[in-house]
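What follows is one structure encoded as structure tokens, with my remarks underneath.
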Amino acid sequence: MNGVARKGVYVQLPRKFVTDLFEASLRFHEVIETLEVQLDKETVRRLKIGEREYREGKFKVASTPREIEKVLLG
């Protein structure tokens, strides 16, 4: 098992290193998700429409499950 982790073999890493690595991983995933959205023309189109409707006040506010159901189902 050369080069393969074996049961009972551990590596110690500084906590700050692991925290920084985790935070970098989160930022990387955020960038990938942003790129995926930007590459989807239909999603970009809907976002632009939604932004315009928001600016024009064409939205409804619903705070409770009952209000949400009323907005969605009429």
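The values are calculated or read from the model by the stated rules, or taken from the named source; none is laboratory data. Small disclaimer: the values here were computed from a predicted structure and weren't measured. All Cβ positions, even for glycine, are placed from backbone atoms using ideal geometry, and neighbour counts span all protein chains on display.
Points to keep in mind about this one:
- Residues considered: 72, 47. Of these, the only one that is in a helix (DSSP H, G or I), exposed (fewer than 10 other Cβ atoms within 10 Å of the Cβ) and hydrophobic (A, V, I, L, M, F, W, C) is 72.
- Qualifying residue in segment 14-22 (condition: exposed (fewer than 10 other Cβ atoms within 10 Å of the Cβ), part of a loop (DSSP other than H, G, I, E, B), over 18 Å from the mean Cα position of the chain (by Cα) and modelled with pLDDT of 95 or more): yes
- The requirement of being assigned to a helix (DSSP H, G or I) and surrounded by fewer than 10 Cβ atoms within 10 Å (Cβ to Cβ) is not satisfied by residue 35.
- Taken over segment 52-69, residues that are basic (Lys, Arg) and in a loop (DSSP other than H, G, I, E, B) amount to 2.
- When residue 67 is tested against the conditions (1) of a type in the set (D, E, K, R); (2) surrounded by 10 or more Cβ atoms within 10 Å (Cβ to Cβ); (3) within 21 Å of the chain's Cα centre (by Cα), the lone failure is (3).
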